[in-house]
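This report concerns only the one structure given below.
Every read-out reported here was derived from the displayed coordinates using simple, explicitly stated rules and does not represent laboratory data. Just so we're clear, the structure is a prediction, and the values are computed from it rather than from any experiment. Positions of Cβ are generated from backbone atoms using ideal geometry, with glycine treated the same way; all protein chains shown enter the neighbour counts.
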Amino acid sequence: MGNKAGGKGKKDPTILTDEDIKTLKLNTQYTEEEIQAWHSGFLKDCPSGKLDKKQFLNVYKKFYPEGKADKYCNFVFKAFDTDNNNWIDFTEFLLAVGVSQHGNLEDKLKMAFDIYDQNKDGQINRKDMIKIIEAMYDLANEEDRSGDKSPDKRVDLILQRLSKDKSDVVLRNEFVQGCLRDEFLRKILAPNTALLPGGQISNTTTTTNASLNTTTSFNETGAAV
């Protein structure tokens, strides 16, 4: 999701430095004016300049009131917290949102893989995939998990269609290429990247209204998978 410079090395995470702006302009399509507007909105929601896991979960619960967001939220939070210090700063936030808003289908699928690849080793094994499906079922409040809908059976099907050597491990390139060519897999693993007629990618436009930046965009970014 791009290389982050500056960011959490700063003493005051509420300050947007020239280096932060340079990094965000290089890795997103936002202008400096837009970055400043996003930053103002981020600070309204997170005055400390830090978005912790509890706040992040509260955001998800607003959009999935009928489901259990805890497990899935952990996947997404860990992917966004690129330096693993248990909070998300503005640069990490906007790099992720930038992919959600402006990334092409391949970029969005790479983000989906990065969310699922929790130990960052470039692969997802069968055990990890089952945890992912269970978390997605919880989020959607899916009660029927029997027969072909069981996480085990669903993962078996996914691995059959994704893994080139039919192993219990899926590599990043296999995941991306498999989802690119297989709409069924996209609907399961990255539903918000479904293609519309004409090759456009389904993705709700994120508001840049300062007071709604964080909650609205995190719903769209996390739901991209």
Report task. Please give the residues of the range 142-168, grouped as numeric ranges, whose backbone N is less than 18 Å from a label point set 7 Å along the Cα-to-Cβ vector of ASP182. Result -> 148-168
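Sorted from largest to smallest, which semi-axis lengths in Å does the alpha carbon gyration tensor of the range 7-104 give for its equivalent ellipsoid, taking the root of 5 times each eigenvalue? The partial results should precede the final answer.
Working: eigenvalues 107, 47, 31 Å².
After diagonalising the Cα gyration tensor, the semi-axes are 23, 15, 13 Å.
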Requested in this report: For ASP70 and ASP165, compute 0.36 nm times the residue count separating them, minus their Cα-Cα distance, and round to one decimal in nm.
Outcome: 30.9 nm
Report summary line: Interchain or sequence-distant (5+) residues whose placed amide H lies within less than 5 Å of the amide H of ILE88 are LEU51, ASP52
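Given R₀ = 35 Å, FRET efficiency for ASN141-GLN29 by Cβ-Cβ distance, to 0.05?
0.50
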Report task. Provide the per-residue ³J(HN,Hα) series for the range 72-87, in order, calculated from phi with Karplus coefficients 6.51, -1.76, 1.60 and θ = phi - 60°, each as a whole number of Hz, with x at glycine and proline positions. Result -> 5, 4, 4, 4, 5, 4, 5, 5, 6, 7, 5, 9, 6, 10, 6, 8
Report summary line: Quick calc: nm separation of the 7 Å Cα→Cβ label points for LYS153 and LEU57 -> 3.2 nm
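Which order do peptides 156-165, 97-106 fall in by mean Cβ count within 10 Å, highest first?
On the way: 156-165: 15.5, 97-106: 18.6.
Highest mean packing first, the order is 97-106, 156-165.
Can you check what the net charge comes to around SER146, using other residues whose Cβ is under 12 Å from the Cβ of SER146 (Lys, Arg +1; Asp, Glu -1)?
Value of the local net charge: -1.
Excluding VAL155 itself, calculate the net charge of residues whose Cβ lies under 13 Å from the Cβ of VAL155, where each Lys or Arg counts +1 and each Asp or Glu counts -1.
Details: positive: ARG126, LYS127, LYS131, ARG145, LYS149, LYS153, ARG154, ARG161; negative: ASP128, GLU134, ASP148, ASP152, ASP156, ASP168.
So the surrounding residues net to +2.
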Report task. Would you mind putting 71-83, 124-136 in packing order, based on average other-beta-carbon counts within 10 Å, highest first? Result -> 71-83, 124-136
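Over the range 105-193, what lengths in whole Å, largest first, do the semi-axes of the equivalent ellipsoid take, defined as the square roots of 5 times the eigenvalues of the alpha-carbon gyration tensor?
On the way: eigenvalues 72, 41, 34 Å².
Here the semi-axes work out to 19, 14, 13 Å.
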